[in-house]
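Here the structure is laid out as structure tokens; the discussion comes afterwards.
The values are calculated or read from the model by the stated rules, or taken from the named source; none is laboratory data. Values in this document were obtained by computation on a predicted structure and should not be read as measured data. Note: ideal-geometry Cβ built from the backbone for every residue, glycine included; neighbour counts use all protein chains shown.
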Amino acid sequence: MNASAPIGIFDSGIGGLTVARAIYERLPAESTIYFGDTARVPYGPKSPETVRRYSLEILHWLLGQGVKAVVIACNTSTAHALQALRDASPVPVLGVIEPGARAAVRAAEGGAIGVIGTAGTIASNAYARAIHALAPGVRVEQVACPLFVPLVEEGWFDHPATELVAGEYLAPLLTARVDALVLGCTHYPLLKPLLGRVMGPAVRLIDSAEETALALAGELERRRIAAPAGAKGTHRFAVSDDEPRFIKVGTRFRGERLARAEVVPLG
Ligand code: DGL
């Protein structure tokens, strides 16, 4: 495998840019191709079979672009499709759940861990399984927060409506006195200040993006496919629909202006 080949990163839409951003920062020598399935977002409420089928289609498109590794930036897709993609892929495939679970176990220091995510991610129990594989006795409390995705896409990061919704969703986690809270969805890192206010300063908020970038760095080193030191990575973007919205909203997720995205209809 060519070490100069790009890394494929994909998500159900725009939110995975929070993970892409962490990869750009940690691995500046790596080139990437980001695919956002904007035609079929959201994945959160869809069945595991449908999410697996969509994810496999994206994997094959990315492999056709010559990627040397694939990062599933989407929590829902990781929950439903990680194993299927690993079985189908000749290159390494990483998800966001295992790295997030590892960071949470470290931060909670034996205390209880809360997990929030889409309906699909929570129903899959994937975070609880990953946490218990690392720390069998730890108490895990999970809550699905489906309304957060549209609120974030609306740009309502600090809006009273979002605070009201967060108060409702997070009440059981406050009662459960969790010590760490996993932000188990691509969109939630943008709500960090608000979620921090609702949960209080004693609760550590865990964003899996950083930890995923770290896991990717380790994997590339182990397989000796890291880009040559000193190289300058380039970043390509593709979406399955609505490029203008991806550019507009994506700029907020990426933290800097996106220039353009190709439109690649799949399915
Ligand atoms: N990317 C999804 C996730 O991280 C959130 C958006 C969706 O439901 O597709 O679970």
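Can we say Val70 is under 17 Å from the mean Cα position of the chain (by Cα) and either near the ligand (Cβ under 10 Å from one of its atoms) or modelled with pLDDT of 95 or more (or both)?
yes
Say whether the condition of being among the basic types (Lys, Arg), farther than 18 Å from Gly36 by Cβ and in contact (Cβ under 8 Å) with a residue 12 or more places away in the chain is met by at least one residue in the range 78-98.
Within the range 78-98, not a single residue is among the basic types (Lys, Arg), farther than 18 Å from Gly36 by Cβ and in contact (Cβ under 8 Å) with a residue 12 or more places away in the chain.
Out of the residues in the range 197-208 meeting the condition of being under 19 Å from the mean Cα position of the chain (by Cα) and at pLDDT 95 or above, tell me which one is nearest to the ligand (Cβ to nearest atom).
If we take residues in the range 197-208 being under 19 Å from the mean Cα position of the chain (by Cα) and at pLDDT 95 or above, then Ile206 is nearest to the ligand (Cβ to nearest atom).
Out of everything in the range 1-45 that is over 15 Å from Val249 (Cα atoms) and acidic (Asp, Glu), what residue ends up being modelled with the highest pLDDT?
Of everything passing the filter in the range 1-45, Glu30 is modelled with the highest pLDDT.
Given the residues Tyr43, Tyr54, which is the only one that is within 16 Å of the ligand (Cβ to nearest atom) and touching a strand residue (DSSP E or B) at 6+ places or on another chain (Cβ under 9 Å)? If you could, list the steps in order and put the result at the bottom.
On the way: Tyr54 fails: touching a strand residue (DSSP E or B) at 6+ places or on another chain (Cβ under 9 Å).
Criteria check complete, one pass: Tyr43.
Within the range 103-122, restricting attention to residues that are farther than 20 Å from Glu210 by Cβ and surrounded by 18 or more Cβ atoms within 10 Å (Cβ to Cβ), which residue is farthest from the ligand (Cβ to nearest atom)?
So, considering only residues that are farther than 20 Å from Glu210 by Cβ and surrounded by 18 or more Cβ atoms within 10 Å (Cβ to Cβ), the one farthest from the ligand (Cβ to nearest atom) is Ile122.
If you go through the range 75-97 one residue at a time, do you hit one that is outside any helix (DSSP H, G or I), within 13 Å of the ligand (Cβ to nearest atom) and surrounded by 15 or more Cβ atoms within 10 Å (Cβ to Cβ)?
So far as the range 75-97 goes, yes, one or more of its residues are outside any helix (DSSP H, G or I), within 13 Å of the ligand (Cβ to nearest atom) and surrounded by 15 or more Cβ atoms within 10 Å (Cβ to Cβ).
Taking the condition of being in a helix (DSSP H, G or I), away from the ligand (no atom under 14 Å from the Cβ) and under 28 Å from Gly110 (Cα atoms), how many residues in the range 136-195 meet it?
14
For the range 159-199, how many residues meet the condition of being surrounded by 14 or more Cβ atoms within 10 Å (Cβ to Cβ) and free of Cβ contacts under 8 Å to residues at least 24 places away in the same chain?
Total meeting the criteria: 2.
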